[in-house]
1. In segment 61-76, how many residues are open to solvent by less than 50 Å² (accessible area, probe 1.4 Å), outside any strand (DSSP E or B) and of a type in the set (Lys, Arg)?
2. Among the residues of segment 22-35, which ones are under 16 Å from residue 81 (Cα atoms) and surrounded by fewer than 16 Cβ atoms within 10 Å (Cβ to Cβ)?
3. What pairs come up if the first residue lies in segment 36-60 and is closer than 20 Å to residue 19 by Cα and open to solvent by 60 Å² or more (accessible area, probe 1.4 Å), the second is of a type in the set (Asp, Glu) and part of a strand (DSSP E or B), and their beta carbons are under 8 Å apart, counting only those six or more places apart or on different chains?
4. Does residue 113 satisfy being open to solvent by 30 Å² or more (accessible area, probe 1.4 Å), modelled with pLDDT under 95, part of a loop (DSSP other than H, G, I, E, B) and touching a helix residue (DSSP H, G or I) at 6+ places or on another chain (Cβ under 6 Å)?
5. Quick check on segment 47-69. Is at least one of its residues small (Gly, Ala, Ser) and within 19 Å of the chain's Cα centre (by Cα)?
6. Could you check segment 116-154 and list, in sequence order, the residues that are among the β-branched types (Val, Ile, Thr) and either surrounded by 10 or more Cβ atoms within 10 Å (Cβ to Cβ) or at pLDDT below 70 (or both)?
Amino acid sequence: MAAAEAQTGNGAGTGDQGSVRADVWIWSVRLTKTRSQAASACRAGHVRVNGERVKPAYLIKPGDEIRLRHAERERVVVLTRVIRKRVGAPVAVQCYVDNSPPPPPREFAGPVAVRDRGAGRPTKRERRVLDELLGAPPRGPVPNRTQSPRAHGK
């Protein structure tokens, strides 16, 4: 029975009642890789509980909405179960309801310019064609620079 409770997350360190520190819970349900990352996110103002910025020691309870900006993405979760120890991913997802927007699509990889080996440097005309193909902004004229006395051979 104890082994089954440990696997389902009902053993020591977990429970459906009470409250837990914000940084501990965020780390426990695997929203961040380390507890120090969770605490840093709280201190930096990237964690909001019910719309308010919180410190790492803020006590959260079931029913709280947690917004976490991490890894260039915003996660919006509603706490359903309090846990105090890090658990496996299948158990962790049972501790919250994920209301996060879908992750942004991955960047489309554009065409890659390939030149024959040994063809040398591209000419100015070939560079323009390559830039147009790759969607790079056109290269403008080089701005005039003040020439040093050495440039004139003095």
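1. As a first pass, look at segment 61-76 and keep what is open to solvent by less than 50 Å² (accessible area, probe 1.4 Å): 64, 66, 68, 75-76.
When the remaining residues are screened for being outside any strand (DSSP E or B), the result is 64.
From what is left, the residues that are of a type in the set (Lys, Arg) are none.
Residues meeting the conditions: 0.
2. Step one: list which residues in segment 22-35 are under 16 Å from residue 81 (Cα atoms), which gives 22-31.
Of everything in segment 22-35, just one residue is under 16 Å from residue 81 (Cα atoms) and surrounded by fewer than 16 Cβ atoms within 10 Å (Cβ to Cβ), namely 30.
3. Final answer for the pair search is 50/65.
4. Numbers: open to solvent by 30 Å² or more (accessible area, probe 1.4 Å): yes; modelled with pLDDT under 95: yes; part of a loop (DSSP other than H, G, I, E, B): yes; touching a helix residue (DSSP H, G or I) at 6+ places or on another chain (Cβ under 6 Å): yes.
For residue 113, the condition - open to solvent by 30 Å² or more (accessible area, probe 1.4 Å), modelled with pLDDT under 95, part of a loop (DSSP other than H, G, I, E, B) and touching a helix residue (DSSP H, G or I) at 6+ places or on another chain (Cβ under 6 Å) - is met.
5. Here is the first cut: in segment 47-69, the residues small (Gly, Ala, Ser) are 51, 57, 63.
Narrowing further to those that are within 19 Å of the chain's Cα centre (by Cα): none.
No, that holds for no residue.
6. Within segment 116-154, the first condition is being among the β-branched types (Val, Ile, Thr), and the residues that meet it are 123, 129, 142, 146.
Within segment 116-154, 129, 142, 146 meet the criteria.
The values are calculated or read from the model by the stated rules, or taken from the named source; none is laboratory data. Predicted model only: the values in this text are computed from it and were never measured. All Cβ positions, glycine included, derive from the backbone under ideal geometry; neighbour counts span all protein chains shown. Note: accessible area is taken over every heavy atom of the protein model, side chains too, but ligands, DNA and RNA are not part of it. Shrake-Rupley method; radii C 1.70, N 1.55, O 1.52, S 1.80 Å.
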